[in-house]
Each structure stands twice: as structure tokens, then as C-alpha cells.
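First up is the structure itself, then whatever we jot down about it.
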Amino acid sequence: MARSPTPSSFEILLPADGVQAAVRALAVRMAPGVDAETVVVCLLTGGLWFAADLMRELAALDRHPLFDALWLASYGDARESAGDVEVRAGLQRSVAGRDVLILDDVFETGLSLQQARSLAASAGARSVCTAVFARKPGPGGPRPEPDFVAWEAPARFLVGYGMDHAGRYRGLAGVATLG
């Protein structure tokens with residue numbers, strides 16, 4: 001049985017205070033476009049940490065959007081996307097006629113954001129905007145880019161702050177790499 005990496009094998013790329021500063025700066029940039037009728041949609045599971053922190057930062061700026069989640073899966077326990085996006089749980093709140101802001105932890109291939117954008121648009125969203133915590137350089141070819149990015153990440157396998165390795169290490173407060 002393969003052993004999981006231990007925290008001592010991590011290389012910290014962005015410490016917890018850097019994560020929080022990036023989210024705070026992003027909230028300031030986004031706040032003018034967010035109002036009480038905006039629906040923020042968190043992509044589960046990885047986007048949960050980013051969404052929670054961003055919602056708190058928006059609240060500190062007196063922005064109080066609606067909240068929902070969409071559970072998509074494209075990685076499973078692998079280090080690379082399988083190339084397909086499975087919808088495990090759809091939207092619970094109507095987005096018809098509303099502006100939608102989709103949040104995800106990391107952007108690499110763009111498949112999850114593309115699927116989420118399509119789902120929101122087909123549900124009648126007036127507009128769809130996307131934001132990610134980390135954007136990694138992509139595998140060649142065109143990909144739909146997010147509208148907002150908190151942190152430009154290196155092309156490394158990331159863990160922490162919602163990003164995982166086979167379900168582990170999501171709870172790290174900073175972002176690290178396993179090598």
C-alpha cells in the first residue's frame with residue numbers, strides 16, 4: 001500500500017497570510033460588481049475554502065450576495081483531470097435573471113468552469129462571471145480563462161486551501177506542493 005506524503009515533504013508556495021491577502025485583494029476588486037441579487041456559486045469540493053473566505057471579505061465590504069453550490073467532479077483521486085466533468089449535485093437556488101459568480105479553487109484545464117458556466121447560463125442567468133483562487137499554466141491549446149484570479153500559481157501539483165491529493169491536505173491554511 002502506497003503511503004501518503006507527510007507534511008514535512010511539502011514545499012510551501014504561499015503561506016496562510018499570503019492566501020488571506022490574495023483573497024482580500026480579490027474581494028476589493030470584485031466588490032463593485034457584486035450586489036444583494038448576485039448568486040455566488042461555489043464549485044465543490046475544493047472551492048469551499050476560497051468561497052467561505054471570499055464571502056467573509058465581501059461582507060466586510062458590505063456586499064451580501066446569495067450563495068449556492070454546484071458539485072462537479074473531474075479529477076477523482078488522480079493528479080490530472082479525466083477530461084470529463086460529472087455533475088454530482090446541481091444548483092439549489094434559481095439563478096434565472098440574476099448575475100452569477102462562480103468560484104473554484106484552482107484553474108488548470110478550464111473544464112469545470114466551462115461546465116459550471118454552461119449550467120448557469122442554461123438555467124437562465126443574466127450574466128456569468130468566474131473567479132478562481134489559483135490559476136496554473138494550462139496544457140496547450142485554448143481554454144476559457146476565468147474573469148478573476150487571486151493568485152498565479154506555478155505549474156506544480158498543489159495541495160492546501162481546498163486543493164487535495166486523493167482527498168487529503170485540503171485543510172492546510174497555505175498552499176504547498178508535493179513535488
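The values are calculated or read from the model by the stated rules, or taken from the named source; none is laboratory data. As the structure is a computational prediction, the values presented were derived from the model and not from experiment. In this analysis, Cβ positions are derived from the backbone assuming ideal geometry, glycine residues included, and neighbour counts consider all displayed protein chains.
Right, A176: closer than 18 Å to L70 by Cα, surrounded by 13 or more Cβ atoms within 10 Å (Cβ to Cβ) and either free of Cβ contacts under 8 Å to residues at least 60 places away in the same chain or not acidic (D, E) (or both) or not? Against the criterion (closer than 18 Å to L70 by Cα, surrounded by 13 or more Cβ atoms within 10 Å (Cβ to Cβ) and either free of Cβ contacts under 8 Å to residues at least 60 places away in the same chain or not acidic (D, E) (or both)), A176 does not qualify. For residues in the stretch 147-166 being under 30 Å from S94 (Cα atoms) and touching an Asp or Glu at 6+ places or on another chain (Cβ under 8 Å), which is surrounded by the fewest Cβ atoms within 10 Å (Cβ to Cβ)? Going through the qualifying residues, I end up with M163.
Taking into account only those residues within the stretch 114-127 that are surrounded by fewer than 22 Cβ atoms within 10 Å (Cβ to Cβ) and of a type in the set (A, V, I, L, M, F, W, C), which is nearest to M30 (Cα to Cα)?
Looking only at the stretch 114-127, we keep the residues that are surrounded by fewer than 22 Cβ atoms within 10 Å (Cβ to Cβ), and these are 114-115, 117-119, 121-124, 126-127.
Restricting the remaining residues to those that are of a type in the set (A, V, I, L, M, F, W, C) gives 119, 121, 123.
On the way: L119: 22, A121: 20, A123: 23 Å.
Restricting to residues being surrounded by fewer than 22 Cβ atoms within 10 Å (Cβ to Cβ) and of a type in the set (A, V, I, L, M, F, W, C), the top hit is A121.
Summed over the stretch 19-60, the residues that are closer than 16 Å to V106 by Cα, touching a residue at least 40 places away in the same chain (Cβ under 8 Å) and not polar (S, T, N, Q) give a count of 15. Suppose we filter V100, V95 for residues that are farther than 22 Å from Y161 by Cα, in a strand (DSSP E or B), at pLDDT 80 or above and touching a helix residue (DSSP H, G or I) at 6+ places or on another chain (Cβ under 7 Å); which single one remains? That would be V100, the only listed residue that is farther than 22 Å from Y161 by Cα, in a strand (DSSP E or B), at pLDDT 80 or above and touching a helix residue (DSSP H, G or I) at 6+ places or on another chain (Cβ under 7 Å). If the condition is being of a type in the set (A, V, I, L, M, F, W, C), surrounded by fewer than 17 Cβ atoms within 10 Å (Cβ to Cβ) and within 14 Å of R93 (Cβ to Cβ), then the stretch 28-65 contributes only A36. For the stretch 122-137, the set of residues classified as touching a strand residue (DSSP E or B) at 6+ places or on another chain (Cβ under 8 Å) and either without any contact (Cβ under 8 Å) to a residue 12 or more places away in the chain or within 24 Å of A176 (Cα to Cα) (or both) consists of T130, A131, V132, F133, A134, R135, K136, listed by residue number.
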